[in-house]
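Below is one structure, written out as structure tokens; comments come after it.
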Amino acid sequence: MQQQSSVETRSLSASRAEMSEILMPNDTNNLGRALGGRILEWMDVCGAIAGRRFAERQVVTASMDHVDFLAPIDVGDVVTVEAYVFDTGRTSMDIKVDVTAERPSEGDRRETLTSFFTFVALDDDEKPVPVPDLVCDSQEERELRDAALQKRREHRAALAEEFE
Ligand SMILES: CC(=O)SCCNC(=O)CCNC(=O)[C@H](O)C(C)(C)COP(=O)(O)OP(=O)(O)OC[C@H]1O[C@@H](n2cnc3c(N)ncnc32)[C@H](O)[C@@H]1OP(=O)(O)O
């Protein structure tokens, strides 16, 4: 009889999260541009949703990588945050979070920043608990996973070079 594996798995798609906001005056600095902290908050929330969908547990942010704000986001822009799990440890999940901004009337959509978060799943006693293994069932999922692994490697190598 064939032995069944008891390792729980979950697909990358199961983790995907997306949220959009209109950048309001309350979210801006005195130049009418996005407050960096507000964007980081939305990234943290979207990343946590991806982690909770994947782990089906409460999660906490353990870390986030360096962030570069590549382009301004102006009041009235539609800000979209997207996140997915691209790697897993025993109790931790690495999550890529991308932010784009757009003026629908102008038909543009700008990449404004990306970062990589680590979230840890917690059990009912708020202790780290194992997460499912990530599986990529489709070509699209494999490409998303590989793109995230590659981009994080590049980010970290560039940072290491900068601080040498
Ligand atoms: C200040 C704030 O408000 S931060 C925002 C909200 N976040 C929080 O409140 C989380 C506060 N931190 C914590 O509760 C704990 O440090 C935890 C849950 C993240 C980790 O707990 P620990 O007791 O260190 O657990 P443990 O050593 O077993 O590590 C658990 C996992 O977390 C990972 N981990 C722990 N610290 C970090 C870190 N700084 N960066 C990335 N991963 C980390 C470990 O590598 C391990 O992963 P693995 O199981 O996949 O191998």
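Laboratory data are not the source of any read-out in this text; all were calculated from the coordinates shown. Here the structure is a predicted model, which means the values were calculated and not measured. A quick note on method: Cβ atoms are made from the backbone with ideal geometry, for glycine too, and the neighbour counts reach across all protein chains shown.
A simple rule links phi to the HN-Hα coupling: the Karplus curve 6.51 cos²θ - 1.76 cosθ + 1.60 with θ = phi - 60°, which for region 120-128 gives 10, 7, 10, 8, 5, 8, 6, 9, x Hz, with x for Gly and Pro. Per-residue extension of 0.36 nm, minus the Cα-Cα distance of K127 and L70, leaves a gain of 16.9 nm for this segment. As a length-normalised measure over Cα pairs under 8 Å and 6 or more apart, the relative contact order of the chain settles at 26 percent. When peptides 39-47, 58-66 are ranked by their average number of other Cβ atoms within 10 Å per residue, the highest-first order is 39-47, 58-66. With θ taken as phi - 60° and the Karplus curve 6.51 cos²θ - 1.76 cosθ + 1.60 applied, the whole-hertz 3J(HN,Hα) list for region 48-56 is 5, 5, 4, x, 5, 5, 6, 7, 6 Hz, x standing for glycine and proline. Per-residue 3J(HN,Hα) values for region 142-150, derived from phi via the Karplus relation 6.51 cos²θ - 1.76 cosθ + 1.60 with θ = phi - 60°, read 5, 5, 4, 4, 5, 5, 5, 4, 5 Hz in sequence order (x marks Gly and Pro). With the helix formula -39500 (n - 2.57) applied to DSSP H stretches of n ≥ 4, the chain reaches a computed 222 nm mean residue ellipticity of -10000 deg cm²/dmol.
What net charge is computed for the residues neighbouring Q139, neighbours being all others with C-beta under 12 Å from the C-beta of Q139, Lys and Arg scored +1, Asp and Glu -1?
Residues near Q139 contribute -3 overall.
Peptide packing: for 8-14, 31-37, the average count of neighbouring Cβ atoms within 10 Å per residue gives the ranking 8-14, 31-37, highest mean first. Between the amide H of T28 and those of L35, distances stay under 5 Å, these residues lying 5 or more places away or on another chain, with hydrogens modeled in the peptide plane.
Residues whose amide H comes within less than 5 Å of that of T88, counting only those at least five positions distant or on another chain, are D94, L134 (H built at 1.01 Å from N in the peptide plane).
The alpha-carbon atoms of region 8-161 define a convex hull whose volume equals 123 cubic angstrom per residue.
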